[in-house]
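Encoded as structure tokens, the structure appears first; notes follow it.
We did not get these values from a lab; they are worked out from the coordinates using the rules stated. Because the structure is a prediction, the values reported are computed rather than measured. As a convention, Cβ positions derive from the backbone with ideal geometry for all residues, glycine included, and neighbour counts pool all protein chains shown.
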Amino acid sequence: MAMTITKKDAQHAVARLETIKKRIANIREQAEQTTERLITTAEVGGAAFAMGVIQGKTGGVEVFGVPLELGLGLGLNAFALLGGAGKHSAHLNNVGNGCLAAYATTLGRGVGATWKGKALGAGTATSGLGSGRHGLTPMEAMAAAGIPVGG
């Protein structure tokens, strides 16, 4: 028994093939977007973690009076904004954002510790930095938060 394929059958098959190709393209695009988001998260989180490790290990590094994570974050973002790494500038921007996140966390922790110390009228505020000490004095917390202390 011979099977006859009509022009209409061929057109229908081509239309189905085009639909399948479009679905595959959409799936690929969604996978690329998801992968890009995961890479961004890893870069930002990894940089913030690395800055936290450096802070924990050294107690904080300053270059010309500027905290390392702040200077590095601003520098990487500026370099990325200028397209300094070409098509990879977005990755530098992500790492810079991670550094800035680490700085903001440290700054926020110092402000929170200061507020906690003031609210409780306590002599110390818990820092939770794992430095072997149990807390920061209010003056240390203010200094960590960038609030001018003394004269």
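When each of the peptides 25-32, 79-86 is scored by how many other beta carbons lie within 10 Å of its residues on average, the order from highest to lowest is 79-86, 25-32. Per-residue Karplus couplings for region 24-35, computed as 6.51 cos²θ - 1.76 cosθ + 1.60 with θ equal to phi - 60°, are listed in order as 4, 4, 5, 4, 4, 5, 5, 5, 5, 5, 5, 4 Hz, Gly and Pro entered as x. Taking label points 7 Å from Cα along the Cα-to-Cβ direction, PHE49 and LEU81 give a separation of 2.9 nm.
Here region 1-87 is treated as a Stokes sphere of Kirkwood radius computed over C-alpha pairs; at 25 °C and 0.890 mPa s its diffusion coefficient rounds to 136 µm²/s.
Debye-formula intensities of region 5-56, expressed as log10 I(q)/I(0) at q = 0.15 Å⁻¹, are -0.61 (one equal scatterer per alpha-carbon, no solvent).
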